[in-house]
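See structure below.
The numbers here are math on the coordinates, done by the rules we state, and not lab data. All figures in this text were calculated on a predicted structure; none of them were measured in a lab. Because the Cβ atoms are built from the backbone with ideal geometry, glycine has one as well, and the counts that use them run over all protein chains shown.
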Amino acid sequence: MDKEFIARGVRRCSTPKFLLWILPWIGLAAFGLYAAGLCLVKGLNQTNMDNRFAFGLWIFLDLAVIALGAGAFFTGFLLYILKLDALKQVINSAVVIGLVCYSGAMCVLAVDVGQPLRAWFTFWYPNVHSMLTEVTFCISCYLTVLLVEYVPILLRNRKLRQVPSFLVFEFELHKLIYVLAGVGTFLSFFHQGSLGGLYGVLRGRPFAFREGLAVWPSTFFLFILSAAAVGPSFVLLTTWLVEKITRKRLVEARVLELLGRISGLLLAVYVLAKSLDTLVWINRTSPETGFPAAQYYAWKPFGTWILLAEIVLFGLVPALILLTPRLRARRAWLVPAAAMACAGVALNRFVMTIQTLAVPTLSFDRYLSYTPSWQEVGTFLAVAAYGVLVYSFSFRYLQIFPAERELRFEAEQAEELPVAAGRN
Amino acid sequence: MLPWNYGFHWNTGTIVFMGAFYIVLAIVAATVLSALQRSRRALAAGKTEQIRWHSDFHDLPAGDRVCRHVLTGEFQHRECPHAFDCRECEKHAQLIAARPVGQPAEQEVCGMEFPLDRFYHRGHTWARPEANGTVTVGLDELGSRLVGTPDSVELPQPGTRVLVNGTAFRIRKRGADVRLLSPVDGEVVATGGVSRGWYLKVKPLERRFDPRHLLRGAEIHPWVMREMERLQLALPAEGATCATLADGGVPVADIGAGYPEADWDAVCGKMLLEP
């Protein structure tokens, strides 16, 4: 029914099957929109957050998806600025993932901040001394960049390309894409850093407070490094997942290995930096504020296991796997290592958001636990459903993986060779 | 945000932060506006077809973008840097000057006729200069056997300008809808069809037909052999209702009829250089 919209030479499932696939995600998105609507109409009393526990599931989700979406800027940087041409095979996917992550984060932030009719205040009356302002501006700008980067991918749709003005605009815009890649890198570096900086400057929260360089706490640099490290891993992981779901080869194995190697290298540097930072924090920063670091881990479930899991299990271990060529060459190691790296950065953002607020900092304060309300979970799920829907439509109608067609021809020939040999 | 806003102060933080923000916005806006402006100029200059081909050529697999001199064995590996427009290629001029293209003994390749009185485009169209100064454009034997008897043919109106590597005409067959690339720059003066053995008669621009980008003579045989290999790779071995190429023989008149289960749109797209 929609064949003329699908790229030539690629195979997609039938329209009814596709509708069947998207239906539950639409249902989930509708449920989430209802939950988000309740929060916007009735207020944040619909959530389990309060003045004491002001950051919850949503901020954790924002931080995690923005870190995972870093694959968009970092892949663009590697391809267009450092000229790693092999990454052409995944750049479109990285842009779609980035767009989904950033737009999803913006939507959740809009619900979290509330007062949507006054959303423009943050741009019109910015506090230029606030890292949150920097984050808001950078994310908004980068989302604009991602939307512009998505336009050429959209206009390459088989049907849209038949419109001369779309074809020409796509061609001309693509010629300038390196400018957008450069701007995207600049913006991403700053907002990833500012997100980390948000926590590092919290002098009243010694669990998160860090020293650093000039006005930038160490978390500023750690967030940049960790996002750059897991961005390629997330692109790898999603590509593998799409390959599994669609039962198609979409990129060459060497590209996934390259992503793994880049991720492993940066992850190793991150683990080293994070370990040094943790040592300085345990031995100097935290005691100087009157809190021995062990105290933070006295409240369950946040024991020292979480620190070890973050640095060793989800940091050092995947880094070592991704840096070992023999292991990296095998999917059974490569994919779990990428998944562990992604889980590691999500855990880091969870710790920075939830554990920071759970730990008491005043003598009359108490340890707090927080469980998100169903409205919070619903909104969270809506973002996940939205991501799946955007990616599914993009995969079906746009050329997300340019090498797919040739790999299909190759795969078909490889399947037929034994048949032909048998006939002879 | 702006100096007239309540609470606005000119200080270093404001200037640095807002300066950086506005510079970024200006760069993004300038990039989009520049692309729009370039597009407007390109559309006004009638470069759509040229751009379409450059875009398509970029999307072809590396193996399909090889230089014609790879086909004749003068290079092991070389990607065409001019999107199959050898008129711009200095290397081609040097090689042709050093070793002019010879004439083969016969015009039959793999049981298909490739007459030597014409020039061949890599997208399976041919151009034959006529005594009256026009150029006749047709589909070569392999291309004809790929599309068999087309379901429909979309020809340009007389008076339409066609450009080398731009769309000459479109053919629809068995779910495939492909454009055929023009081997010549000029103005369409007459249209033909399948039954007439040619599709267009074109008056070349400036009354001069320049065939430097087209294959001829001894170049035809190695090119067709390579095309047959590409075709074999594009066709599924399973599901064929006739003898397959690997079994020998010559291609049948309507190859598509022998592969009812093949994705004919993909096969034609690959062979006729429309990714």
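Under 8 Å for C-alpha pairs, at least 6 residues apart: give me the relative contact order for the range A:12-404, rounded to a whole percent. Please list the in-between numbers first.
Values: 556 pairs, mean separation 115.8, N = 393.
Worked out over the range A:12-404, it gives 29 percent.
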**OP:** Could you state the angle between the C-alpha long axis of helix A:131-155 and the longest principal axis of the C-alpha atoms of chain A, as a value from 0 to 90 degrees rounded to the nearest 10?
**Re:** 10 degrees
Original post:
Karplus couplings for the range A:120-130 from phi (6.51 cos²θ - 1.76 cosθ + 1.60, θ = phi - 60°), rounded to Hz, Gly and Pro as x?
Top reply: 5, 4, 5, 8, 8, 10, x, 8, 5, 8, 9
Subject >> Cα-centre dipole for chain B with unit charges at Cβ (Lys and Arg positive, Asp and Glu negative), debye to 20 >> reply: 1080 debye
Original post:
Which residue, chosen from B:Val70, B:Phe57, A:Val90, occupies the Cα position most advanced towards the positive end of the dipole of the protein assembly as shown, where the dipole is computed from +1 (Lys, Arg) and -1 (Asp, Glu) charges on Cβ about the Cα centre?
Top reply: A:Val90
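Given the pairs A:Lys3/A:Lys88; A:Lys83/B:Lys173; A:Lys3/B:Lys91, which span a C-alpha to C-alpha distance of over 30 angstrom in this model? Don't skip to the answer; put the middle values down first.
Numbers: A:Lys3/A:Lys88 25 Å; A:Lys83/B:Lys173 40 Å; A:Lys3/B:Lys91 42 Å.
Table pairs above 30 Å Cα-Cα are A:Lys83/B:Lys173; A:Lys3/B:Lys91.
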**OP:** Grab the DSSP H runs of chain A that are 4 residues or longer, score each as -39,500 (n - 2.57), total them, divide by all residues and round the 222 nm result to the nearest 500 deg cm²/dmol.
**Re:** -21500 deg cm²/dmol
Subject >> 5 angstrom amide H check on B:Val66, placed H, neighbours 5+ away >> reply: B:Cys80
**OP:** Evaluate the relative contact order of chain B (contact order divided by residue number), counting alpha-carbon pairs under 8 angstrom at least 6 apart; express in whole percent.
**Re:** 19 percent
Original post:
What number comes out for the charge environment of A:Phe302, summing +1 per Lys or Arg and -1 per Asp or Glu over other residues with Cβ under 15 Å away?
Top reply: +3
**OP:** Amide H neighbours of B:Ala168 under 5 Å, at least 5 residues apart or on other chains, H built in the peptide plane: list them.
**Re:** B:Leu180, B:Leu181, B:Ser182
**OP:** For chain B, with a Gaussian network of springs between Cα atoms less than 10 Å apart, report the residue from B:Arg230, B:Arg122, B:Arg68 with the top mean-square fluctuation.
**Re:** B:Arg230
**OP:** Please work out whether chain A counts as rounded, prolate or oblate from its C-alpha gyration tensor, where a ≥ b ≥ c are the square roots of the eigenvalues and a/c under 1.5 means rounded, while otherwise a/b larger than b/c means prolate and anything else oblate?
**Re:** prolate
Original post:
Distance in nm between label sites at A:Gln162 and A:Ala298, each 7 Å beyond Cα in the beta-carbon direction?
Top reply: 7.2 nm
Original post:
Any idea which of A:Pro287, A:Leu167, A:Asn51 is furthest toward the positive side of the dipole for the range A:12-404, if Lys and Arg beta-carbons carry +1 and Asp and Glu beta-carbons -1?
Top reply: A:Leu167
Original post:
Under 12 Å Cα-Cα from A:Lys274, which aspartates and glutamates qualify once same-chain neighbours fewer than 8 residues away are excluded?
Top reply: A:Glu310
Subject >> the range A:12-404 - charge dipole about Cα centre, Lys and Arg +1 at Cβ, Asp and Glu -1, debye rounded to 20 >> reply: 1140 debye
Subject >> Charge sum, other residues only, whose C-beta stays under 14 Å from B:Ala93's C-beta, Lys/Arg counted +1 and Asp/Glu -1 >> reply: 0
Subject >> Estimated distance in nm for a label pair at B:Thr12 and A:Ala110, the labels positioned 7 Å out from Cα along Cα-to-Cβ >> reply: 3.8 nm
**OP:** Distance between Cα centroids, the range A:236-274 to the range A:112-133: provide it in whole Å.
**Re:** 36 Å
Original post:
Rounded to the nearest 20 Debye, what is the dipole magnitude of the protein assembly as shown about its Cα centre when Lys and Arg each give +1 and Asp and Glu each give -1 at the C-beta?
Top reply: 740 debye
Original post:
Does the range B:97-169 come out rounded, prolate or oblate by the C-alpha gyration tensor, with a ≥ b ≥ c the root eigenvalues, rounded set by a/c under 1.5 and, if not, prolate when a/b is larger than b/c and oblate if not?
Top reply: oblate
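List the trypsin sites (Lys or Arg not before Pro) within the range A:240-291 that fall in a DSSP loop (any state other than H, G, I, E or B) and whose Cβ has at most 14 other Cβ atoms within 10 Å.
Working: sites: A:Lys244, A:Arg247, A:Lys248, A:Arg249, A:Arg254, A:Arg261, A:Lys274, A:Arg284; in loops: A:Arg247, A:Lys248, A:Arg249.
Answer by residue number: A:Arg247.
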Original post:
Which trypsin sites (Lys or Arg not before Pro) from the range A:68-177 combine a DSSP loop assignment with at most 10 other Cβ atoms within 10 Å?
Top reply: A:Lys83
Subject >> Charge-dipole axis of the range A:322-424 as Lys and Arg at +1 and Asp and Glu at -1 on Cβ define it, positive-most pick from A:Tyr370, A:Met340, A:Tyr391 >> reply: A:Met340
Original post:
Let a ≥ b ≥ c be the square roots of the eigenvalues of the Cα gyration tensor of chain B; is it rounded (a/c under 1.5), or, if not, prolate (a/b larger than b/c) or oblate?
Top reply: prolate
Original post:
Using a Gaussian network model of chain B with C-alpha springs under 10 Å, which one of B:Ala26, B:Ala45, B:Ala83 is most mobile by mean-square fluctuation?
Top reply: B:Ala26
Original post:
Using the beta-carbon distance between B:Val194 and A:Cys13 and R0 = 35 Å, what value does 1/(1 + (r/R0)^6) give for FRET efficiency, to the nearest 0.05?
Top reply: 0.50
Subject >> Max mean-square fluctuation residue, GNM over chain B, Cα-Cα springs under 10 Å, options B:Gln232, B:Gln37, B:Gln157 >> reply: B:Gln37
Subject >> Helical mean residue ellipticity (222 nm; -39500 (n - 2.57) per DSSP H run of 4+; nearest 500) of chain B >> reply: -10000 deg cm²/dmol
Original post:
So who's got an amide H within less than 5 Å of the one on A:Ser373, skipping anything under 5 residues away but keeping other chains? H placed 1.01 Å off N, in plane.
Top reply: A:Asn48
**OP:** Take each uninterrupted DSSP H stretch in chain B, measure its Cα extent along the helix axis, and return the ones at 27 Å or beyond whose mean Kyte-Doolittle hydropathy is at least -1.0.
**Re:** B:12-44
